[in-house]
Amino acid sequence: MAMEWPDETILNAIKSCIEDESIFIVDWTLQNRRGDWQLNLRCDADNGITVDQLAKVNRAIRDGFQLSGLDTELLEIEVGSPGLTFPIKTVRHFKRYSGHQLKIEHDLPAVENPIIGIVDSVEDDAVSVNTGNTSIKIPLINIQAGNVQLKW
């Protein structure tokens, strides 16, 4: 019988292991692979995450992650940073890239899609982007994803 836990339960179990408040979770998956469990975790920090911070998160998960009914001896843990190509979706992740040029895909009907511009500000429910001509405020609920645009 396959075990399943609500996403909120899994996320809370992960968060309870991370003591450094500057580190935040960008994405995670917990999957059963032929009887063994695999936790893939992508973290970032407000000023960028270091290899040392990722290693500390990995050890903290190894030592403290608990879910009812899960044998943590059968848990494979992979902790990494999201990288520049990983889609930006959360408020805190958008805040991390404030001042950077992003391409933002959205579902606002009256606004060009995607929008490419500099992130001016990030609120709990919206992201403001300066396209060079104007500043556009996009409700977070309408954003599918943002991606960093590198300058070459």
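What follows draws every value from the coordinates through simple rules; no lab data is involved. Just so it is clear, the structure is predicted and the values come from calculations on it, not from any experiment. So basically every Cβ, Gly included, is an ideal-geometry build from the backbone, and we count neighbours across all protein chains shown.
Would you call HIS100 under 15 Å from ILE141 (Cα atoms) and either out of contact with any Cys (no Cβ under 7 Å at 6 or more places or on another chain) or touching a residue at least 12 places away in the same chain (Cβ under 8 Å) (or both)? No. Residues of the range 102-113 that are under 20 Å from the mean Cα position of the chain (by Cα) and either farther than 20 Å from ILE49 by Cα or surrounded by fewer than 17 Cβ atoms within 10 Å (Cβ to Cβ) (or both): LYS103, ILE104, GLU105, HIS106. Only residues that are in contact (Cβ under 8 Å) with a residue 12 or more places away in the chain and loosely packed, with under 15 Cβ neighbours inside 10 Å were counted in the range 132-144, giving 5.
Of the strands (runs of 3 or more DSSP E) entirely within the range 1-101, those holding at least 3 residues that are within 26 Å of ASP124 (Cα to Cα) occupy 23-33, 36-45.
Scanning the range 11-22 for residues that are of a type in the set (A, V, I, L, M) and over 19 Å from PRO87 (Cβ atoms) turns up ALA13, ILE14, ILE18. Evaluated against (1) of a type outside the set (D, E, K, R); (2) touching a residue at least 40 places away in the same chain (Cβ under 8 Å); (3) surrounded by 15 or more Cβ atoms within 10 Å (Cβ to Cβ), ILE77 falls short on exactly one condition, (2).
Residues in the range 35-66 that are touching a strand residue (DSSP E or B) at 6+ places or on another chain (Cβ under 8 Å) and of a type in the set (D, E, K, R) were compared, and the one that is farthest from PHE86 (Cα to Cα) is ASP36.
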